[in-house]
Amino acid sequence: MANPAEKQDPLQARVDGLSRTGGAAWAGAAQDQAMQRLASMGMPKKRDEYWRYTDPTTLTQPAAPRAELFQTDEVMPFSDVDRLKIVFVDGVFDAEASDDLSLEGVEIERLADVLSTDIHWAKDLYGVLEERGQTPVPRPLAALNTAYASDGVVIRATAKAAKPISLIYLHKSETSDAVLHHLVKVEQGASVTVLENGPAAARFSKVMEVEVADGGAFHHVRTQGRDHKRRANTHMFTRIGEGSVYKSFTLTVNGILTRNEQVVEITGDNAIAHIAGAALGDGATGAFHHDDTVFVTHDAVDCESRQVFKKVLRNGAEGVFQGKILVKPDAQKTDGYQLSQALLLDEDSSFQAKPELEIYADDVQCSHGSTTGAIDEEALFYLRSRGVSHGEAIDLLVLAFLAEAIDEIEDETLRDDILTRLQGWLDRHRG
Amino acid sequence: MLEIKNLHVSLEEEDKQILKGVDLTVEAGKVHAIMGPNGSGKSTLSYVLSGRDGYEVTEGEALLNGEDLLEMEPEERAAAGVFLAFQYPVEIPGVGNMTFLRTAVNSQRKARGEEEMSAAEFLKVVREKAKTLKIDADMLKRPVNVGFSGGEKKRNEILQMAMLEPKMCILDETDSGLDVDAMKLVAEGVNALRSPDRGFLVITHYQRLLDHIKPDVVHIMANGRIVKTGGPELALEVEQNGYADILAEVA
């Protein structure tokens, strides 16, 4: 017989040395409950179905594996965007580098402060959406995050935010192990854009819980990258109400391991949720493994969801997509779309996809597609026969491949910024 | 301009010889037509000259103004002045026609050490040339050849040719899939480009294209060789009697 305590051991080893943040009774209770969830689930293991394509070992082991800092003089993302900057260095809030946390239409606080405040609206959100997201699939790393997050930002949009809130994650220590947890509450008819960029830490755990009330809008654009040896597991837990909009886009370049989970629950009619991602990996400059794991639940009428994930992989880079659309019995007139595609620039790279639909309503329109392909040789020759160099022709075809994901970014300035990042990466990684 | 000497070409994948000693010289300012039955090697010749993969030159050479074409990458041949109008222009979803044209024009200029065309200048030139080919703004905006009709694709080929101003234009069955009006439009586009310092090699099955693009020299190709060369009257002969008589005559 297996010793029941055995399951606890790796977990105990992981949480030893981590400490609780805050002191409010409700916060302590939320952290306790998260710990109980984690204890009953246990840490993720390679043989878990949900971790079949991504080895969680380096995410669950006690210490973060060392990650060298990547020196680059490339301009930071979103530099040309008028935004409110909030800076974390290896997961620690940097007040000096951050802007003043005041912005028209939004209240912004630090999570560390909020968790010490006895009466706070965050009580109804912190760990709440994370817990909802634990069924039907357990996400122990998210519970671990709720129990031990050291800081984060807590955002409440009460009107249209005057400018985007930009979370900048700097990585300066080779052994940093950062755990951040953000809350975003968008009140009725309000809207806010949150930007994220930076390698964050040697190992980065991040949870963002987003609640969008009726008629609200939340836009999210994120870049993850630069440091080849960095590791990250991130979760976004989202619940959106009637007539609301949720749009999230992620660009990932470089990184030895990235697992991005998105759990979206549509609870109000006529709501829209779009989740998109573009990931580019070149194994020649360091191992690259990127996993997008997405779960969208339709629990309201006349809603639309889109998942568009594209990956460009070369020199042994690995991509994973696990995506699901669940349509509950009453979610009639659902329009669900899911696309996951990989462009493999050589035979050493690989892509694993597990697209799923689970539909209980009868009047719905759901489609999904997943493809793995190589560069179209005919198109490549056509371009070259017009004088376009081999490298530039590949770039054009790669950008064309990614276009459907990039186009999910509504704001033109942000889209152009992402395209600049992409072009920069392509210039550095000419095949 | 273009000198092809004793060119022998096989398929890389299978041991099959397609061209069995082609000799051909196209002078600057002249239009040469190559006619011939299916499988005679006409299209292979055009692909080998433009640098497509999958062919192995086993003997002979092809020179453009004395430069060895066969040693060059496809993009280098383009910069040197070779242009192939494709029989089946390729659709490239996601790449805007305009972006494609501008990238091509500027890549060639860069390769030749010339200054790149500014966005404004490019726009002006492309609009002007597109207009004469009846290519509207919408076609310029759409992805390359995606959703284009057969005629639109061929006009788009000629637009590229007009923008790139090549020295040696090779047209591979540009008349295929075109109705008479579309063919006239395409032929007018080609004729507008005729100049004393530009050579043309027009590959076609049928004489009708040559009613509109008047050749100086007509070659008949069969079984991987040029079997007969003559003036425009040779094309008429093919039109009237088919290839059988000529092939019998040279056999």
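The values are calculated or read from the model by the stated rules, or taken from the named source; none is laboratory data. Model, not experiment: these values are computed from the prediction. Reconstructed Cβ throughout: ideal geometry from the backbone, glycine too, with neighbour counts over all protein chains shown. These accessible areas exclude ligands, DNA and RNA; they are computed on the full protein's heavy atoms, side chains included. Shrake-Rupley method; radii C 1.70, N 1.55, O 1.52, S 1.80 Å.
Tabulated values for the structure
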{"quantity": "Leading residue at positive end of dipole, chain A (Cβ point charges), from A:56, A:197, A:365", "calculated": "A:56"}
{"quantity": "Built amide H within the under 5 Å cut-off of residue A:351, gap 5+", "calculated": "A:319"}
{"quantity": "Relative contact order (percent, whole number), the stretch A:314-431, Cα cutoff 8 Å, 6+ residue spacing", "calculated": "24"}
{"quantity": "Accessible surface of the stretch A:4-374 [probe 1.4 Å, protein heavy atoms]: carbon and sulfur percent", "calculated": "46"}
{"quantity": "Stokes-Einstein D in µm²/s, Kirkwood radius over Cα pairs - the stretch A:200-269 at 37 °C with 0.692 mPa s viscosity", "calculated": "252"}
{"quantity": "Residue range of chain A that is longest and free of trypsin sites (Lys or Arg not before Pro) which are both DSSP loop and sparsely packed (at most 15 other C-beta within 10 Å)", "calculated": "A:173-429"}
{"quantity": "Chain A, helix-only ellipticity at 222 nm - DSSP H runs n ≥ 4, -39,500 (n - 2.57), divided by all residues, nearest 500", "calculated": "-6000 deg cm²/dmol"}
{"quantity": "Rg to Rh quotient for the stretch A:4-374, alpha carbon positions, Kirkwood Rh", "calculated": "0.94"}
{"quantity": "Options A:93, A:284, A:18, ranked by Cα towards positive dipole end of the stretch A:4-374, top entry (Cβ charges)", "calculated": "A:284"}
{"quantity": "Whole-number percent relative contact order across chain B, with pairs defined as alpha carbons under 8 Å at least 6 apart", "calculated": "29"}
{"quantity": "Chain B - mean residue ellipticity at 222 nm from DSSP helices (-39,500 (n - 2.57) per run, n ≥ 4, rounded to 500)", "calculated": "-12500 deg cm²/dmol"}
{"quantity": "Centre separation in Å (Cα based) which lies between the stretch A:48-94 and the stretch B:118-156", "calculated": "45"}
{"quantity": "Charged-residue dipole, Cβ positions (Lys, Arg, Asp, Glu), the protein assembly as shown about Cα centre, Debye nearest 20", "calculated": "460"}
{"quantity": "Karplus-derived 3J(HN,Hα), 6.51/-1.76/1.60, for each residue of the stretch B:140-145, Hz, glycine and proline x", "calculated": "6, 7, 5, x, 3, 6"}
{"quantity": "Integer Hz, Karplus 6.51/-1.76/1.60 couplings in order for the stretch B:60-66, x for Gly and Pro", "calculated": "x, 8, 9, 10, 10, 6, x"}
{"quantity": "Net charge contributed by nearby residues that have their C-beta within less than 10 Å of residue B:5 (K/R +1, D/E -1)", "calculated": "-4"}
{"quantity": "Nearest-20 debye value, the stretch A:4-374 charge dipole, Cβ charges on Lys, Arg, Asp, Glu", "calculated": "700"}
{"quantity": "Whole-number accessible area per residue in Å² for the protein assembly as shown, which is evaluated in the context of all protein chains at 1.4 Å", "calculated": "40"}
{"quantity": "Dipole of the protein assembly as shown, positive end: most advanced residue of B:49, B:64, A:420 [Cβ charges, Cα centre]", "calculated": "A:420"}
{"quantity": "Karplus (6.51, -1.76, 1.60) ³J(HN,Hα), θ = phi - 60°, over the stretch A:246-258, in Hz, Gly and Pro reported as x", "calculated": "10, 9, 10, 10, 10, 10, 10, 10, 6, x, 5, 8, 9"}
{"quantity": "Candidates per chymotrypsin sites (Phe, Trp or Tyr not before Pro) in the stretch B:86-124, loop by DSSP, up to 11 other Cβ within 10 Å", "calculated": "none"}
{"quantity": "Contact surface A-B: accessible area buried, both sides summed, square angstrom, 1.4 angstrom probe", "calculated": "1900"}
{"quantity": "Per-residue average of Cβ from other chains inside 10 Å of B:95-108", "calculated": "4"}
{"quantity": "Where GluC sites (Glu not before Pro) fall in DSSP loop in the stretch B:1-81, at most 11 other Cβ within 10 Å", "calculated": "B:12, B:13, B:14"}
{"quantity": "Carbon + sulfur, % of accessible area of chain B - ligands and nucleic acids excluded, 1.4 Å", "calculated": "46"}
{"quantity": "Mean separation of Cα contacts under 8 Å (6+ apart) over length of the stretch A:4-374, as relative contact order %", "calculated": "12"}
{"quantity": "Per residue, the convex hull volume that the Cα atoms of the stretch B:43-109 enclose (Å³)", "calculated": "101"}
{"quantity": "The stretch A:103-173: chymotrypsin sites (Phe, Trp or Tyr not before Pro) falling in loop per DSSP and having at most 11 other Cβ within 10 Å", "calculated": "none"}
{"quantity": "Over 32 Å (Cα to Cα) - which of A:324/B:141; B:42/B:167; A:311/B:16; B:5/B:134; A:247/B:153 fall in this group", "calculated": "A:324/B:141; A:311/B:16; B:5/B:134; A:247/B:153"}
